[in-house]
Structure formats: structure tokens, C-alpha cells
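So the structure is just underneath, and the comments pick up after that.
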Amino acid sequence: MFKSNFKFLTALAVFALIVAAPAVSRADDALMGKIQAHYQKVFSLEGEFKQVLVHKESGSRTEQAGKLAFRKPLLVRWEVTTPKREELIVVNAKELWDYIPGEEIVYKYPVALVQDSRTMIKVITGQTNLREDFKVKADGKENGLNKLKLIPKEATQQITMAVIWVSDDGIIKRAMIQDFFGNENDITFTSLKFDVPMQDSMFKFTPPAGVEVKDRSNEGAGQP
């Protein structure tokens, strides 16, 4: 199975919006338009994040933090750095690497795992169309941010509900998803910068010497 924070990239589904979206007011639709307009113009983004993972059955709660770099069309560098370097995920046009330093192991997956529009990376980087992909319900404001609840038209095991918190100018500041088992994955950006120049080398990965490599690149886009 994937590590919990890897599920952040592969499991946060984007949800389909029902025809005509009657639950969305004109004001809410305008906000979605701002989100779409902002991220359509963005070429890249980088930010620091805090992440809270809650496992419903055990009641365990894991808090961690790290850095995200993203460049269109779908280049990703996701690194957990606190409380220690727990994991490094690199996505490029050919492959997806999931390196876990503490276990001295790296997994290689097909990039198709994150190419589907129903992945969290597409949500938090604004690469999905809310009007087409979500059933959206406004839920007021919280800490100065607009709160939108997203319900899947076709729920999966990984996603049954999500919430995003968005600034008035259309920037996604936080996202939380809940899977079929009630587990929660909550990402909050503590900083964001847009259209930052990024070298191609940021999205390349070579397994360190002595690290076990488990190649799952031929297993398709399903769960390993």
C-alpha cells in the first residue's frame, strides 16, 4: 500500500458536478470562476504545507509538514521534511517515484496514477474544472476563507467527500478529503508563490545507492 501522504497525490478524487448544479448560487459560481481563471493562467507554483492525517479506526493522528513544487502540465515534487524527511515524491512525464528514506526503499509507479483528473494534485493546483467535475455546496466562511464542500457523483473507495477553503481572489488555501473508511487527509498551505522559475532537474530522480527499488510501473493505474 502507499504511504499515507502518497495517498494525497493518488487518492483525493475530484468529484463530478450534477447537471445545472442547483446547489450553487450565483455568488458561489462567481467564486468558482475566479478559481478557474486564476489557475488557468498559472504556469507553476511552489509552497510549504502542513498536513494532518487521521486514521478513523485506530484514532491515530499524524502531523507533518513539507514543500510542494508544481509545473504544468504535470510535474510534481512533494517532500515531507518535518518532523524528519519522511518521504519524497517526484512526478515527471515518464514516471512517478516514491522514496521513503527511513525504510531505504523507493517505489516506481506509472505516471498514469496522477494523470486522471480525479487526483488531489489536480485539486490543490487548480488543474480541474469545478463546474464540470464537482457537485459543490457552499458552507459559509471559516477564518476568512470561503468553504466549499465537494460531493462525488461517482464515489470511489479513496474519496467520498472533500472540502476546500478558498480566498476571495480564488486561491485554494486548504483541502481536506475523506475516504470510504472515514480517514481524513487535511492539507493547509502556509505559503504559496506562483509562476516561479523551476529547473527540469527538480523533477528528476535517481535512486540513491544501496536503496531497494520496487518497480511497479507495469501494474497499471490501479492500487498496487
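The values are calculated or read from the model by the stated rules, or taken from the named source; none is laboratory data. As the structure is a prediction and not an experimental result, all values here were calculated from the model. As a convention, Cβ positions derive from the backbone with ideal geometry for all residues, glycine included, and neighbour counts pool all protein chains shown. Note: areas computed on protein heavy atoms with side chains; ligands, DNA, RNA excluded. Shrake-Rupley method; radii C 1.70, N 1.55, O 1.52, S 1.80 Å.
Here are the numbers for the structure shown:
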{"item": "Breaking point among (1) outside any strand (DSSP E or B); (2) charged (D, E, K, R); (3) crowded, with 18+ Cβ neighbours inside 10 Å, for Asp168", "result": "(3)"}
{"item": "Candidate set: the stretch 180-192, residues that are within 21 Å of Gly66 (Cβ to Cβ) and of a type outside the set (Ser, Thr, Tyr); chosen: the one most open to solvent (accessible area, probe 1.4 Å)", "result": "Glu184"}
{"item": "Selection count where residues are closer than 30 Å to Leu150 by Cα and open to solvent by 40 Å² or more (accessible area, probe 1.4 Å), scope the stretch 193-218", "result": "3"}
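For (1) open to solvent by 20 Å² or more (accessible area, probe 1.4 Å); (2) of a type in the set (D, E, K, R); (3) more than 22 Å from Ser191 (Cβ to Cβ), each residue gets a yes or a no:
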| site | (1), (2), (3) |
| --- | --- |
| Gln51 | no, no, no |
| Gly59 | yes, no, yes |
| Arg71 | yes, yes, no |
| Lys94 | yes, yes, yes |
| Gly102 | yes, no, yes |
